[in-house]
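The values are calculated or read from the model by the stated rules, or taken from the named source; none is laboratory data. What you are looking at is a predicted structure, and each value in this text was computed from that prediction instead of being measured. Cβ placement follows ideal geometry from the backbone for every residue including glycine, while neighbour counts extend to all protein chains displayed.
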Amino acid sequence: MKTSLAHLPQNKQDQLKALTQIVLDKVPAEMIILFGSYARGDWVEDYQEKYEYVSDFDILIVTKDKNSAKQVKKSRELEEELIANEDITRTSIIYHSIGFVNDKIERNYYFFVDILREGIILYDSGKYSLSEPKLMNSEERHIKATDAFEHWFKSASKRLIGFKFYLQEGEKDSDFYTDAAFELHQAAERFYTAVLLVFTDYKPKIHDIEELGSQAIKLHSNFATVFPRNTAEDDRMFKLLKKAYIDARYEKNYKIEKEELEYLGGRVTLLKELTERICRERIAGFSADLS
């Protein structure tokens, strides 16, 4: 695995050194690995009229065992420290044990194989080593991506049908609108799952559509157009959908109106269209490797 940050501007190198020290002060890390766009050298700071996208630092923290990874993930101390530090580029962190990471590498989960090949080690305790992947040919990768897409795209589309049913029923009884909101959240979550599995064969165990959307944008910038967040109203509407995962089921005070659902339904329909087109293009690329 690479160790040099020389391809990055000096300010980014300095930020990563500071980030590494913050992590070590807060977390029992055995390895800290930079992956993604800053490791590859294709990070972006893209400001458009309708959206802006600035690449995050993507960090994998490797711990000695599963319990350590769970404890680190539960603690918000590190996350709060990084959010408060405005001098460091926004950072996305995943936590896994060395056993988990090596198992995925050995079984050729290409998200972790790509980290092994492209990642940059920021810290290594020297106590553990990463495994070598078994070879996966283009046909195997094509089959795996196709299976993931077909399952999750179908599952998401069914949730979108459920949303439309509850939206219609809401005209007779507005209580159905909360059911519509939950179904719409589930559709969005599952479309994002399809994208992540097709591109990386990995999805973090979360239901946060904001974080899942951020991961999808890293894979294809067009996903940044799904939920614009440029105005207070844009932000309010997105948060209504984000909160639906919990509040639409358990909070009696959660309210959402027909017009809000129609707007959000349009955004998730756009997500469906992008997911189908972009995933099929990705899978076609795997097919091209077979010829």
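A few notes on this one:
- The set of residues in region 82-114 being under 20 Å from Lys64 (Cα atoms) and assigned to a strand (DSSP E or B) consists of Ile93, Ile94, Tyr95, His96, Ser97.
- Qualifying residue in region 226-242 (condition: closer than 23 Å to Phe57 by Cβ and at pLDDT below 95): yes
- Answer residue from region 122-139, given it is surrounded by 15 or more Cβ atoms within 10 Å (Cβ to Cβ) and under 26 Å from the mean Cα position of the chain (by Cα) and is modelled with the lowest pLDDT among those: Met136
- Among the residues of region 236-270, those that are surrounded by 13 or more Cβ atoms within 10 Å (Cβ to Cβ) and among the acidic types (Asp, Glu) comprise Asp247, Glu260.
- Being outside the structural domain of Pro204 (by TED's automatic domain parsing), under 28 Å from Ser221 (Cβ atoms), among the basic types (Lys, Arg) and in contact with a helix residue (DSSP H, G or I) (Cβ under 9 Å, 6 or more places away or on another chain) holds for only one residue in Lys2, Lys66, and it is Lys2.
- When residues of region 62-89 are limited to those that are out of contact with any His (no Cβ under 8 Å at 6 or more places or on another chain) and among the small types (Gly, Ala, Ser), the one surrounded by the most Cβ atoms within 10 Å (Cβ to Cβ): Ser68
- Whichever residue in region 232-286 is closer than 16 Å to Ala187 by Cα and hydroxyl-bearing (Ser, Thr, Tyr) and, among such residues, is farthest from the chain's Cα centre (by Cα): Tyr263
- Exactly one residue out of Glu211, Glu189, Glu171 is at pLDDT 95 or above, of a type in the set (Asp, Glu) and assigned by TED's automatic domain parsing to the domain that holds Leu261: that is Glu189.
- Conditions (1) at pLDDT 95 or above; (2) closer than 21 Å to Thr91 by Cβ; number of the one not met by Lys203: (1)
- Test: Ile33 is in contact (Cβ under 8 Å) with a residue 60 or more places away in the chain, in contact with a Leu (Cβ under 9 Å, 6 or more places away or on another chain), part of a helix (DSSP H, G or I) and not assigned by TED's automatic domain parsing to the domain that holds Asp208: no
- Annotation note: of Gly213, Gly162, the sole residue that is over 17 Å from the mean Cα position of the chain (by Cα), surrounded by 15 or more Cβ atoms within 10 Å (Cβ to Cβ) and not basic (Lys, Arg) is Gly162.
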